[in-house]
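*Asks:* Can you read through this structure? Questions will come right after.
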Amino acid sequence: MTLAIVLAAGTRAAGLTTATGEPLADRLAAQLRRAGADEVRFAATLDELTDLVATATAPVLITGTDLVAHTAVLRHLATSPVGPTVALVLGDPPVPGRTAVREERGQVVDAGALDALDGDATGVFGGALRVGVDDLPTLAAAARAAASGMLPVAAPIGPVGDVAPLPTAAAGVGGSAAAGGPGSAVDRLFAGLAALGTLIFAQRVRLLVAHRVEDTAGLRAAEAAVTAVDEDRAELRLSVKEKDDFFSTYFVSTWSPYLVRLSARLRLTPTGVTVISVLFALAAAVLFGVGGRPALVGGAVLLYLGFVLDCVDGQLARYTRHFSAWGGWLDTMADRAKEYVVYAGLGFGVSHAGLGNGWALAIAAMTLQTVRHMTDTWYGVLHDEAARRPRTATNASGGIGDRLNAASTRVQADTGSLSYWLKRTVVFPIGERWALIALTVALFNPLVSLIAVLVWGVLAFAYTGALRTLRARWMWVPVLDTVDATLHRDDGPLARWLPVVRPMGPLTLAVIAALGPAVLLVGALLDDAPGGLRWAVPVALLVLLVGGLGAGAAHNGPLDWLVPAALRAAEYLFAIAVGVVGGVPGWLIFGYVFVLTVHHYDLTARLEKRQAAPPLHTATLGWEGRSVLVALAAIAGIAGVGLATLGAYLLVVFVVSVVLAWFVRPARSARASVAPAGVGGAAPR
């Protein structure tokens with residue numbers, strides 16, 4: 001049950017009435033109910049709010065009594081999928097008594113009086129926030145501190161932080177320094193929550209209207225601004241990402257909102273649209289494999305339409321506010337599966353038409369793209385972690401990393417410029433990949449399409465890799481030490497048993513691990529009789545296992561975020577090399593590596609959704625355990641049987657794990673939550 005609290009303390013807008021004579025606080029309460037709150041309560045003081053929060057078992061919505069906004073603004077805040085705790089942030093200029101905000105990459109990294117932010121403010125607190133269940137104890141601590149005139153310590157101590165006595169007129173407490181007074185209670189509460197180290201995401205207002213008011217004149221002006229905007233039309237436009245890639249912006253989002261509205265009227269769910277887009281991609285892959293100009297052109301059209309639907313599912317979720325962890329996970333997995341199935345269709349089409357070894361090109365494209373995605377994921381984690389940390393003297397200014405960071409910020413801010421679109425296009429995002437495949441296969445053939453994907457992909461990987469390496473060395477922020485490194489390295493029991501070699505560092509060891517399989521693969525490809533290199537398989541395996549020597553070491557180097565990607569590359573290269581040496585058909589090697597990518601994308605999707613390991617993760621044996629089994633099969637002369645058996649096993653484990661994680665366990669938890677105490681279930685809370 002979602003609880004909403006209207007906090008009236010410390011605001012001059014408490015007694016304002018709307019144009020219809022309704023108290024503004026009452027209208028806010030009605031809007032909160034329409035936004036999804038199951039219960040709305042009023043709190044006259046922060047102590048009352050603390051008592052209400054103590055009984056909450058679900059996310060809590062909190063607003064002041066001075067907010068005038070579309071109901072959709074509150075609904076977006078209540079349903080935001082970006083994180084558990086989200087604050088409304090406005091672009092209005094800071095005023096006395098209001099909390100200024102500095103945000104980076106959608107996260108609130110500082111909050112307080114305007115002068116306390118040293119001119120780095122990017123917005124002001126909008127007077128409303130949603131607090132996730134896990135952050136409710138911290139919210140209560142912030143409320144107690146604000147009520148007693150205490151200033152939360154910026155660095156949390158213990159689970160909910162400590163507070164230090166300080167007059168409420170000090171800088172950094174809800175804008176009170178700028179105001180010369182305490183400010184509203186909701187401002188002080190938000191500033192305290194941020195000071196206690198809570199990860200707060202920013203919810204910006206775009207196209208809709210939200211204003212904080214202090215007097216009748218401001219209230220009337222805000223009401224007029226709300227009335228002037230068509231809420232439903234604005235929500236439909238908001239379903240499209242504010243910043244997307246060039247192809248998506250100009251060739252998809254210009255007409256996809258019509259499909260969004262149609263899908264909503266047909267009562268289609270975002271998951272249903274995702275399934276339809278998968279079917280379009282499958283049909284395109286089949287046509288690419290069939291060959292012939294009509295089939296290739298038809299496949300290109302279906303591929304384009306499939307990508308449009310791939311955009312529509314997310315837009316529909318934003319329009320209808322139907323978000324779920326399952327839907328987000330499925331969308332992530334479906335995107336990669338669709339792309340790699342298309343590669344398979346192109347690879348088959350090349351071989352079927354006698355144009356060359358299409359499966360080799362398809363395997364190369366899939367491997368390259370997966371390793372790229374792994375670096376993208378971990379660089380994003382690195383950047384988010386850097387944004388949350390205070391700037392230090394070592395990285396505050398100077399150096400090529402600082403200049404690159406500043407240049408990137410300038411380009412991103414220059415929305416719509418040539419440099420902006422070049423930066424977004426050169427990295428070869430999914431829209432551009434699908435557009436390139438559709439155009440090249442329709443105009444030429446699958447061989448040209450796969451080569452084009454590989455060439456642009458390699459160039460994009462080199463470009464992003466070089467720039468990110470320089471910026472990462474400047475930021476010097478460890479990220480693998482902030483998560484379960486063993487899980488995201490995908491280590492198995494063997495890696496945990498190996499001794500630890502700390503002086504070389506885990507990244508150096510992972511790169512060495514990839515070199516052995518790479519040399520074996522190159523040798524096998526250049527040898528007219530690769531089967532004669534079977535003796536080299538155990539040698540390459542030993543080199544591969546060097547990567548396990550860093551499993552127990554600290555992953556706190558500036559480039560250690562590259563370790564997961566390096567280990568993925570090492571495992572894929574070894575499996576491909578073993579397949580080539582063992583004379584395994586290309587389609588079977590592709591299938592085995594495809595199953596590995598599904599497993600690894602599951603791990604990264606869980607990282608992005610802040611979820612635990614899959615239920616049967618230990619049964620996947622780890623990258624080193626799987627590689628040992630593949631090597632034994634190759635040495636025994638049954639490499640094909642080994643890849644097929646292990647691939648089938650991993651696929652079954654993945655499917656069972658998905659069923660357990662997304663259906664069986666949630667159902668058990670739901671039954672346990674409603675079971676009476678003493679009858680084999682958990683007591684209701």
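*Asks:* Kindly rank 549-562, 258-271 from highest to lowest mean number of other beta carbons found within 10 Å of each residue.
*Replies:* Details: 549-562: 21.4, 258-271: 15.9.
Packing proxy ranking, top to bottom: 549-562, 258-271.
*Asks:* Match the structure shown to one of the listed values [x] 11, 27, 43, 18, 1; [y] 14, 28, 22, 15, 12, 8, 2, 0; [z] 16, 46, 31, 7, 0 of P(r) over Cα pairs in 20 Å bins from 0, in percent, computed from it, and give that label.
*Replies:* Recomputing P(r) over Cα pairs in 20 Å bins from 0, in percent here picks out [z].
*Asks:* Helix 506-526 versus the longest principal axis of the chain: what is the Cα-based angle in degrees, 0 to 90, to the nearest 10?
*Replies:* 30
*Asks:* While we're on this one: Can you give the extra length, in nm with one decimal, that the chain gains between ARG33 and PHE444 once fully stretched, where that is 0.36 nm per residue apart less the Cα-Cα distance? List each step's numbers first, then the result.
*Replies:* On the way: separation 411, 0.36 × 411 = 147.96 nm, distance 5.66 nm.
Full extension of this stretch gives 142.3 nm more.
*Asks:* If you rank ILE638, ILE589 by how much accessible surface each has, with a 1.4 Å probe, what is the order from largest down?
*Replies:* Working: ILE638 85, ILE589 10 Å².
The residues order as ILE638, ILE589, largest area first.
*Asks:* Tell me the per residue accessible area of the chain using a 1.4 Å probe; a whole number in Å² is fine.
*Replies:* Values: 28630 Å² over 685 residues.
Value for the chain: 42 Å² per residue.
*Asks:* Taking the Cα-to-Cβ direction at TYR463 and at LEU559 and moving 7 Å from each Cα, how far apart do the two end points lie in nm?
*Replies:* It works out to 2.1 nm between the two label points.
*Asks:* If you average the C-alpha positions of the stretch 586-652 and of the stretch 405-473 separately, how far apart do those two centres end up, in angstrom?
*Replies:* 29
*Asks:* Ordering HIS488, HIS352 from largest to smallest accessible area (1.4 angstrom probe), what's the sequence?
*Replies:* Most to least solvent-accessible, the answer reads HIS352, HIS488.
*Asks:* Same structure, new question: If R0 is 22 Å, what FRET efficiency do you get for ARG473 and VAL522 from their C-beta distance, rounded to 0.05? If you can, show how the numbers build up before the last one.
*Replies:* Numbers: r = 30 Å, r/R0 = 1.34.
The pair ARG473/VAL522 has a calculated efficiency of 0.15.
*Asks:* Roughly speaking, to the nearest percent, how much of the chain's 1.4 Å accessible area is carbon and sulfur?
*Replies:* Ligands and nucleic acids excluded, carbon and sulfur reach 65 percent.
*Asks:* Might you work out the accessible area of PHE323 for me, using a 1.4 Å probe with all protein chains in place, and round it to the nearest 10 Å²?
*Replies:* Surface accessible to solvent at PHE323 totals approximately 70 Å².
*Asks:* Still on this structure, please answer the following. What is the extension gain from THR425 to ARG293, computed as 0.36 nm multiplied by their sequence separation minus the C-alpha to C-alpha distance, in nm to one decimal?
*Replies:* On the way: separation 132, 0.36 × 132 = 47.52 nm, distance 2.85 nm.
This chain segment gains 44.7 nm when fully extended.
*Asks:* Leaving ligands, DNA and RNA out of it, rank ARG206, ARG233 by accessible area with a 1.4 Å probe, largest first. Don't jump to the answer; show the numbers that get you there.
*Replies:* Numbers: ARG206 70, ARG233 155 Å².
I get ARG233, ARG206, largest accessible area first.
*Asks:* Mind pulling the angle between the C-alpha long axis of helix 563-581 and the longest principal axis of the chain? Nearest 10 degrees, somewhere in 0 to 90.
*Replies:* Approximately 20 degrees, to the nearest 10.
*Asks:* Translational diffusion coefficient of the stretch 481-543 at 10 °C, 1.306 mPa s, Stokes-Einstein with Kirkwood Rh over Cα pairs, in µm²/s as a whole number. Intermediate results must be reported in sequence, preceding the final value.
*Replies:* Values: Rh = 13.8 Å.
For the chosen part, D equals 115 µm²/s.
*Asks:* Classify the stretch 257-385 as rounded, prolate or oblate, taking a ≥ b ≥ c as the square roots of the eigenvalues of its Cα gyration tensor: rounded when a/c is under 1.5, otherwise prolate if a/b is larger than b/c and oblate if not.
*Replies:* Numbers: a/c = 3.15, a/b = 1.32, b/c = 2.39.
Taking the square roots of the gyration eigenvalues as a ≥ b ≥ c, the stretch 257-385 is oblate.
*Asks:* Would you work out if the stretch 1-114 is rounded, prolate or oblate? Take a ≥ b ≥ c from the square roots of the eigenvalues of the alpha-carbon gyration tensor; rounded if a/c is under 1.5, else prolate when a/b is larger than b/c, oblate otherwise. Could you put the intermediate results ahead of the total?
*Replies:* Details: a/c = 1.39, a/b = 1.12, b/c = 1.24.
It is rounded, given that a/c, with a ≥ b ≥ c, falls under 1.5.
*Asks:* Ranked highest first by average number of other Cβ atoms within 10 Å, how do 236-246, 437-447 line up?
*Replies:* 437-447, 236-246
*Asks:* For GLU235, what accessible area in Å² do you get when you roll a 1.4 Å probe over the heavy atoms of the protein chains, rounding to the nearest 10?
*Replies:* The value for GLU235 is about 20 Å².
*Asks:* Can I ask one more? Between ALA612 and ALA217, how many nm apart are label points set 7 Å from Cα along the C-beta direction?
*Replies:* The modelled label-to-label distance comes out at 5.8 nm.
*Asks:* With N set to the number of residues, divide the alpha-carbon radius of gyration of the stretch 319-374 by 2.2 N^0.38 Å and report two decimals. Write down the numbers at each step before the final one.
*Replies:* On the way: Rg = 15.3 Å, N = 56, 2.2 N^0.38 = 10.2 Å.
The stretch 319-374 yields a ratio of 1.50.
*Asks:* With no solvent and one equal point scatterer placed on each C-alpha of the stretch 499-580, evaluate the Debye formula and give log10 I(q)/I(0) for q = 0.13, 0.16, 0.17, 0.20 Å⁻¹, two decimals.
*Replies:* Results for the stretch 499-580 at q = 0.13, 0.16, 0.17, 0.20 Å⁻¹ read -0.40, -0.57, -0.62, -0.79.
*Asks:* What's the angle, to the nearest 10 degrees (0 to 90), between helix 293-320's Cα axis and the longest principal axis of the chain?
*Replies:* Long axis of 293-320 versus the principal axis of the chain: about 30 degrees.
*Asks:* Tell me, in nm to one decimal, what length is gained between HIS352 and THR20 on full extension, where the rule is 0.36 nm per residue of separation less the Cα-Cα distance? Intermediate values should be presented prior to the final figure.
*Replies:* Working: separation 332, 0.36 × 332 = 119.52 nm, distance 7.25 nm.
Net length gain for the segment: 112.3 nm.
*Asks:* On to the next question. Kirkwood Rh over alpha-carbon pairs of the stretch 585-638, then Stokes-Einstein at 10 °C and 1.306 mPa s: what D in µm² s⁻¹, rounded to an integer?
*Replies:* Calculated translational D: 125 µm²/s.
*Asks:* Determine the principal axes of the Cα atoms in the stretch 537-581, then give the extent along each, sorted from largest to smallest and rounded to whole angstroms.
*Replies:* Extents along the principal axes: 37, 16, 10 Å.
*Asks:* Describe numerically, in nm with one decimal, the distance between label points set 7 Å from Cα along Cα→Cβ at VAL229 and at VAL664.
*Replies:* 4.7
The values are calculated or read from the model by the stated rules, or taken from the named source; none is laboratory data. Worth saying up front: this structure is predicted, and the values here are computed from it rather than measured. In this analysis, Cβ positions are derived from the backbone assuming ideal geometry, glycine residues included, and neighbour counts consider all displayed protein chains. SASA here: full protein model, heavy atoms, side chains in, ligands and nucleic acids out. Shrake-Rupley method; radii C 1.70, N 1.55, O 1.52, S 1.80 Å.
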